[in-house]
1. Just checking my list [x] 12.1, 34; [y] 11.2, 33; [z] 15.0, 54 against Rg and Dmax of the Cα atoms in Å computed from this structure; which label fits?
2. Quick check: at a probe of 1.4 Å, how many percent of the accessible area of region 1-48 sits on carbon and sulfur atoms?
3. Hey, in the GNM for the chain with a 10 angstrom Cα cutoff, which one of Gly35, Gly67, Gly24 fluctuates hardest?
4. Check which residues have an amide H placed less than 5 Å from Cys63's amide H, if you skip close sequence neighbours.
5. Per residue, what accessible area does region 1-71 have, given a 1.4 Å probe and all protein chains present, in Å²?
6. Restricting to DSSP H runs of at least four residues, report the calculated mean residue ellipticity at 222 nm for the chain, -39500 (n - 2.57) per run over all residues, nearest 500 deg cm²/dmol.
7. I'd like the projected area of region 34-77, averaged over all directions, using the convex hull of its alpha carbons. Report it in nm² with one decimal.
Amino acid sequence: MTITQILGNDRIVPVLAFRSVEEGLAVGGLLVEHGIRLLEITLRTPVALACIEAVAKAYPQACVGVGTVIEPVQLRE
C-alpha cells in the first residue's frame, strides 16, 4: 500500500499521546466518529502500545500509525 492510498483525501493526522487505554478509546472514537480516520499515537507514554492495539481493534475503519519511534526496540515492539 502506498502513502497516497493510505492518505486518500484525508488531510488531518492528529498526533496523540494518551495516559490510559480508556482515554485512547474515548478520544479515538470521537475522532473517527467525526470523520478523522488517520491517527498517529506516539510512544511517549507507558501505555502507548496498549492504546495502539486497543484503538486499532476497536476502530478498524481507522488507520492507526505509530509516532515518536526513537529506539530500535520500539520498532520491534
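The values are calculated or read from the model by the stated rules, or taken from the named source; none is laboratory data. Bear in mind that the values here come from a model prediction, so they are computed numbers and not experimental data. Areas reflect the complete protein model, heavy atoms only, side chains present, ligands, DNA and RNA absent. Shrake-Rupley method; radii C 1.70, N 1.55, O 1.52, S 1.80 Å.
1. Matching the structure shown: [x].
2. Details: 1870 of 3150 Å².
That share works out to 59 percent.
3. Comparing Gly35, Gly67, Gly24 in a Gaussian network model of the chain, the most mobile one is Gly35.
4. Leu38, Leu39
5. Values: 4530 Å² over 71 residues.
Computed with neighbouring chains in place, this is 64 Å² per residue.
6. Numbers: 4 runs with 34 residues, N = 77.
Helix-only estimate at 222 nm: -12000 deg cm²/dmol.
7. On the way: hull surface 12.8 nm².
Dividing the Cα hull surface by four gives the mean projection, 3.2 nm².
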